[in-house]
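Below is one structure, written out as C-alpha cells; comments come after it.
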Amino acid sequence: MNYIILAVSVVMDLLACGILRNSFCKNRIKSNSDLQLFNALSSIVTLVVMFMAYAIAGMLCVPSFFTVGIGVIYGVATALCAIFNMKALECGPLSYTKVIICCAMVIPALSGTVLFDEKIGLVQYIGIALMLLSFILAVEKDKDGGKANVKWFVYSVLAFLFNGSLGVFQKLHQTSEYKDEIGMYQLAAFTVSALLSLVLLLIYKKKETTGITLFEKGKTQSFLLITLVCGCGIAFCNHFNMYLSGVMPAIVVFPVLNGGTMILTTASGLIIWKEHLSPKQIVGLSAGILAIL
C-alpha cells in the first residue's frame, strides 16, 4: 500500500509543482508581486483543504509545543523553497531545475543514518555520489539569454537547500512521540507559509511599478483555477510525504519521491516545452537518473 501512495504522490507532485507551475511561471509571472500572490493563494488553498480533510478525519487536536515549533520552521522552509523554485523556473529550464532540486534528496537520505540510525549500503553511497556529479554538471554558460545561467543556478541552489531540509523536519516529527499530531503540524506549517508570502507580497507591491497583473481582464479565471489545482495537489502531496517519512526508511522514501518526479518532469520538459540540453547537461542528467535507479 505504501508503494501505491508513493506513486500517487509522485504523479500529483509532477502535475501540481511541475507542469502547471512551470507553465504559469514562464507565461504569467510578470513581477515579484505576481509570484508572491500566487504562492500566498496556493498556500491558503492548501491550508483550507488540509483543515477540511483533517477535521473530517478527526485529526484536529490541541498541539504540543514541539509540533507547533517544528511546524513553524517547516512552514518558513516550505515558503522559501517554493519561492526560489519558482524564481529558478522563471529564468531557467524546467528539466534541469528539477534535477538540482530533486538532488536535495541527499540531505534527508543521509539524515537517516546521522539522526535516525538507519543503515545505508555501498550501492546507495554510489547513488549519492552520482547525484553530486549531476549537480556539478548543472551549470552551463548562458549563450542565448534564456537557459541555464548564474542567476538561475543561485536560485536552484537555495531551493535545493530548503527542499532538502523539509524531509528532515518531516522525519523528525514522524519519528517523535508526537507523530499523531500530523494534522496540526501541517496546519501550523502552511499558516506560516501563507503569512510569509503575504508579507513579501506587500513589500514587493510597494517597491515595484509593474504591480499585480494576474487579475487583468481575461486572466483571472485561469489564474484562480491553476492556484486551486496547485494548492490541492500540494496539500495531498505533503500529507502523503509526511506519512511515508515515518513508515519507510529515509534512504528509500526520499530518493523515490524526488527521483520519480525528476524523471517524469524531465520528460515533460523535453517533450512538451521542447527544452534542449547541452551535451554536458545530458551527461549530468543521465548521472542523476542512474543515481536514482
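No lab work stands behind these numbers, since they all come straight from the coordinates. All values derive from a computational prediction rather than experimental measurement. Here Cβ is always computed from backbone atoms with ideal geometry, including for glycine, and neighbour counts include all displayed protein chains.
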Theoretical FRET efficiency, 1/(1+(r/R0)^6), r = Cβ-Cβ of VAL154 and CYS61, R0 25 Å, to 0.05: 0.05
Mean separation of Cα contacts under 8 Å (6+ apart) over length of the chain, as relative contact order %: 42 percent
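Looking at the chain, do any whole DSSP H helices span at least 30 angstrom along their long axis by alpha carbon and average -1.0 or above on Kyte-Doolittle, and which?
Span-like helices, by this rule, are 32-56, 65-91, 150-174, 182-207, 220-247, 250-271.
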Using a Förster distance of 41 Å, the FRET efficiency for SER23-LEU122 (Cβ separation, nearest 0.05): 0.50
Estimated inter-spin distance, ILE272 and LEU290, nm [label 7 Å along Cα→Cβ]: 2.9 nm
Kirkwood Rh and Cα Rg combined as Rg over Rh, evaluated for the chain: 0.96
Extension gain (nm, one decimal) between GLU216 and VAL114, 0.36 nm per residue minus Cα-Cα: 31.7 nm
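Suppose every Lys and Arg Cβ carries +1 and every Asp and Glu Cβ carries -1, with no other charges. What dipole size does region 153-293 come out with about its Cα centre, to the nearest 20 debye?
460 debye
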Surrounding net charge for CYS61, when Lys and Arg each add one and Asp and Glu each subtract one, Cβ distance under 13 Å: -1
Net charge contributed by nearby residues that have their C-beta within less than 11 Å of CYS230 (K/R +1, D/E -1): 0
Centre separation in Å (Cα based) which lies between region 11-56 and region 106-123: 31 Å
Per-peptide average of other Cβ atoms within 10 Å, ordering 99-107, 235-243, 85-93 highest first: 99-107, 85-93, 235-243
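If we sort 163-175, 114-126, 23-35 on the protection proxy, mean other Cβ atoms within 10 Å, highest first, what's the order?
Going from most to least packed, we get 163-175, 23-35, 114-126.
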Over 31 Å between alpha carbons, listed pairs LYS151/LYS206; LYS26/LYS205; LYS171/LYS219: LYS171/LYS219
Calculated [θ] (222 nm, deg cm²/dmol) that DSSP helices of n ≥ 4 give over the chain, each run adding -39,500 (n - 2.57): -26000 deg cm²/dmol
Extension gain (nm, one decimal) between VAL247 and VAL8, 0.36 nm per residue minus Cα-Cα: 84.4 nm
